[in-house]
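Some notes on the structure that comes next.
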């Protein structure tokens, strides 16, 4: 099981994502809890179990995470979709569990 926590930014909403391999190769069950009221309006019903290869652009079909999150996100730069994809990628053993970093500096 892989767990990823993300604090989205100025809103300070925290989303905790859990990714768990299923018995089917490449299939990962994604679940989450979120302080964000927008994501709690039905996003979980749209995601469920995903094909890791499709989500990461290596499958025959496009993934569903980016489009599903985009329907509920109120800001284009919300990092929740990226966090979900990282959880899937790590759980499917397609990446090491290394935290990405973003540093913002405005002068």
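Structure above, values below:
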quantity	calculated
Centroid-to-centroid separation of the range 56-84 and the range 1-50 [C-alpha atoms, Å]	11
Rg to Rh, two decimals, where the chain supplies the alpha carbon set and Rh follows Kirkwood	0.96
84, 1 arranged by Cβ crowding within 10 Å, fewest neighbours leading	1, 84
Residue-averaged [θ]222 nm for the chain, counting only DSSP H segments that reach four residues, each worth -39500 (n - 2.57)	-7000 deg cm²/dmol
Distance (nanometres) between label positions extended 7 Å along Cα→Cβ at residue 104 and residue 66	2.1
Helix 80-91 axis, angle to the chain major axis (alpha carbon atoms, nearest 10°)	40
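Throughout, read-outs are computed from the coordinates displayed, never taken from laboratory work. What you see is a predicted model; the values in this text were computed from it and never measured. Counting neighbours? That spans all protein chains shown, and the Cβs are built from the backbone with ideal geometry, glycine included.
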